[in-house]
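Below is one structure; the comments refer to it alone.
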Amino acid sequence: MGLFSGALWWAGNGLIALVMYRGRKAALVGKYPYFYSYVASVAGSQLIQIYLSVGHYDQAFQKLAWWILEFVTAVVGFGVTWEIYRHVLCPFGGVRRMARAVLASLFGAVVGRTAIELAGRKLRDVFPTSIVLEQNLRAVQALLLVAILGLIVHYGLPIGHNLWALLTGYSFYVGANIVSLTVTSRWHREMWAIWAVLPQIEYCITLIVWCVGMWAYFPNPMPDRALECDYEHVSAQTARAFGRLRTHLTHSWRI
Amino acid sequence: MTGLMILIGLVMALLLLFWAAGRRRSDFGANRAEEESPVRLPPKALLGRCLSIEDVEFAAQLGCPRILRLLLRERRRLALKWLRQTRREAGRLLRQHVRAARHAADLRPAAEVRLWFHAGLFLMVYEVLMTAVRLYGPFRTRAFVRSVFAMAGVLTNLGDRIAGAITAGRGHAVREAEGT
């Protein structure tokens, strides 16, 4: 396990360096600044961890630093979601409005649920443990990604090669991260040996997807402005058609 | 919380798969003829013929249970096919709407939600009918639908009468109050 873990660690570092190198070489950094900020923050956190492990700091300090770095990268990770949202929905004004409504109601639901959960608790019990905090941050990211993905699937929005890689890689990473964080927070002592290597595998797979997808710049397909229509008319027509279909469906069985 | 986390993971994986499948058969440049066509309802007469009781009576008169069973099986298959046709039409309508709506700059979330509600309502009725036909066959389903409509009619009449009685009672009370 040690050798395999070490190989994964080196592979991860090599891959992140490659993603950053290709980003600079193919002039992608200017086009996807939030994504590359996230990659840079992950690389920076790796460097700090290397420095701490070489510098003979005590275990408790290293653990604290590790959790702080994890938290910071999880927060910066929201930038990736924003990057996806910005690029995919920008050309579609109407769908963007829909996305804003969906995301606002999601945030409202999350805040409402948290408020109900925390109501009546003592102040010292309100602050979660670092693993729970990261888990919750990832869960919120996952919810946002699910909402954006749902809208992309529902409206069949076209996506370029770069954004496809960004979305697939990040969704996989967040999804896998949630599962492994949940498992380690539940059975952290007994299962740690097996699950320790899993985040590294997730990390490497994500970086491979990003390496392949972000190798060169592929612009996002632009919508055809000629296809713009009167939404009021289309919506009313579809609602009427559904009404007719439902009536037809039930009334045909009465005859 | 664990259940929720796993659920989110699963939903994400599912959506990714769904989306990947959608990419392959991308409808971005779908044919316009389909887009502009009106509602294509499956003929009512076809279902009427499928549910014709005379055929069943004739088959029953033959005194051969195998023929009767075959007839009932075939009628069930035809009824399910008719229902699936309406479902396909609903899918086409929704796709047509989505194709137009994604380019609309004036898209209204409330109107979209209302449409989803309409689509959901249709799907619910469709699923109820599909389940009923699968479990009890088309003839009993028709009887069930008729009795539901009859009951709805009775309840509507009852509601109307109660409302009428309340209005009349109120009018009477007002007249009495004015008289005194």
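Quick notes
- Comparing A:G175, A:G243, A:G213 in a Gaussian network model of chain A, where Cα atoms under 10 Å apart are tied by springs, the biggest mean-square fluctuation is seen for A:G243.
- The stretch between B:Q61 and B:K81, if pulled fully straight at 0.36 nm per residue, gains 4.5 nm over its current Cα-Cα span.
- Residue by residue, the range A:240-255 carries 3J(HN,Hα) couplings of 5, 4, 5, x, 4, 5, 5, 5, 4, 4, 7, 5, 4, 7, 8, 5 Hz when phi is fed to the Karplus relation 6.51 cos²θ - 1.76 cosθ + 1.60 (θ = phi - 60°); x denotes Gly or Pro.
- Pairwise burial A:B, computed as accessible area of each alone minus the pair, summed, 1.4 Å, Å²: 5900
- P(r) tail fraction, the range B:35-162 - alpha-carbon pairs more than 27 Å apart, %: 40
- Only protein atoms count toward the accessible area here, which uses a 1.4 Å probe; on the protein assembly as shown, the carbon and sulfur part of that area reaches 66 percent.
- Separation in nanometres of the label points that stand 7 Å from Cα toward Cβ, at B:W116 and A:W10: 5.0
- Heavy-atom accessible area, 1.4 Å probe, ligands and nucleic acids excluded: residues of the range B:108-144 down by at least 50 Å² from chain alone: B:R108, B:P109, B:L115, B:W116, B:H118, B:F122
- Cα pair distances in the protein assembly as shown, grouped into 10 Å bins until the bin that holds the longest one, percent each: 4, 15, 20, 18, 16, 12, 8, 4, 1, 0, 0
- With R₀ set to 45 Å, the beta-carbon distance separating A:D230 from A:V110 gives a calculated FRET efficiency near 0.80.
- Among A:A239, A:A147, A:A74, the residue with the largest mean-square fluctuation in a Gaussian network model of chain A, with springs joining Cα atoms closer than 10 Å, is A:A239.
- Span from the the range B:100-149 Cα centroid across to the the range B:46-81 one, whole angstrom: 27
- Listed values for the range B:80-85 are Karplus-derived 3J(HN,Hα) couplings in whole Hz (6.51 cos²θ - 1.76 cosθ + 1.60, θ = phi - 60°), namely 5, 5, 4, 5, 5, 5, and x replaces Gly and Pro.
- Virtual spin-label span in nm between B:A173 and B:I53, 7 Å along Cα→Cβ: 4.7
- Solvent-free Debye calculation, one equal scatterer per alpha-carbon of chain A: log10 I(q)/I(0) at 0.14, 0.15, 0.16 Å⁻¹ equals -1.06, -1.17, -1.28.
- Within the shell of other residues whose beta carbon sits under 13 angstrom from the beta carbon of B:A152, the net charge comes to +1, with Lys and Arg scored +1 and Asp and Glu -1.
- FRET efficiency, B:S147 to A:K63 (Cβ-Cβ, R0 51 Å, nearest 0.05): 0.15
The values are calculated or read from the model by the stated rules, or taken from the named source; none is laboratory data. These numbers come from a predicted model, not from an experiment. We place every Cβ from the backbone using ideal geometry, glycine too, and count neighbours over all the protein chains shown. All accessible areas refer to the heavy atoms of the entire protein, side chains included, with ligands and DNA or RNA removed. Shrake-Rupley method; radii C 1.70, N 1.55, O 1.52, S 1.80 Å.
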